[in-house]
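The values are calculated or read from the model by the stated rules, or taken from the named source; none is laboratory data. This structure is a prediction, so every number in the text was calculated from the model and none was measured. Here Cβ is always computed from backbone atoms with ideal geometry, including for glycine, and neighbour counts include all displayed protein chains.
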Amino acid sequence: MSILYPLAISFIATVVATPIALIFIKKLGIIDNPKLHRHPAVIHKKTTPRGGGIPLFIGIFVASIIFLPFTKIVIALFIASLISLIVGVMDDKFDISPYLRFSINIISALIVVGSGLSIPFITNPFGGILYLDTLRISFDFLGHHSILVFSDLIALIWIVWVMNMLNWSKGVDGQMPGVVAISAIVIGIVSLKFQPFDQSTLISSRLSFIIAGAALGFLIFNFHPAKIFPGYGATAVYLLLAAASILSSAKVATAILVMGVPMIDGVFTIFRRFLTGRSPFWHDKKHLHHLLLSIGFKQRSIALFYWIFSAILGALALVLSSKGKLFVTIMVILIVGGVIFSLHLALNNNNEKSNN
């Protein structure tokens, strides 16, 4: 039952913080007016406040003060996430350069990895362990330090990837907080399965349930029709979720599976933009949720689709072996990738017929 306390406190804190934050967000003009916002992915019709990362961060921070130990990694996590929040809210207000945002994501991830968070190994689905911490570079600068080349690099890439991938998965109301809540709960449950239950595992499990509680609290205000959008400031939450997924004993495979749909959509988006000669940083209206909207799905239906798929994959991640997770991941790639590709072909054919 103790695992429910962090979730409950962050839920309550977010539910209380969101209406209060909305007052200040509106006064500061952090709003999205679809008539003025020149963004190809805009689908809403009414002016809606952005800046949802603020109450999300507050809810997580309040619960973390109560339930998390003040370790070097925890302090670094919240410094990095606060930086992401500040820059994200600036983007919500001023629409800053996507290249600057991406650079800040890398800096935030570097702060976390520099505090000692890394991926020392991954489980080989065909048996054994693949150790990533065998190559180490040591140096003396204000004390003795060392860099675990592969461990740190993969952790850095994973954190930055999750921050960007989940940002692409907030296209319809309620989509993102539902996926984040389910992913965090699954990661938290998996954390509890690891023995011995050391400090890293404790932080991972509690932080996961704290994130889940905040996401569920925010969902009340973000479900269609949304009273507030997450905005880019919500990348602070994605950073924390990515960190929770690697804090104890390599749960990256679990995170990949439970976030399979937005992850595949993210990979497909990058390849599609490269192949069409466009920058992967510049937005378009061709994500999976946009494609589903184009064939008649409603926003609530799309959000529910993402939640159900994430919940099913999360349940499988809890019971499957590493080999089983690999098999299911491949199947999800083929199925979801096939659906995305087919919808793109159908959309392109319809556009060609309309032009003729």
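Numbers at a glance
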item: Residue that is modelled with the highest pLDDT, among those in the stretch 78-120 that are crowded, with 19+ Cβ neighbours inside 10 Å and outside any helix (DSSP H, G or I); result: L117
item: Residue within the stretch 269-276 that is of a type in the set (F, W, Y) and surrounded by 15 or more Cβ atoms within 10 Å (Cβ to Cβ) present; result: no
item: Residue check, I264 among the aliphatic types (A, V, I, L, M) and crowded, with 24+ Cβ neighbours inside 10 Å; result: no
item: Checklist (1) within 18 Å of the chain's Cα centre (by Cα); (2) in a helix (DSSP H, G or I); (3) modelled with pLDDT under 90 applied to P280, failing item; result: (2)
item: Breaking point among (1) at pLDDT below 95; (2) over 23 Å from V319 (Cβ atoms); (3) among the aliphatic types (A, V, I, L, M), for A253; result: (2)
item: Flag if K35 is closer than 25 Å to H287 by Cα and in a loop (DSSP other than H, G, I, E, B); result: yes
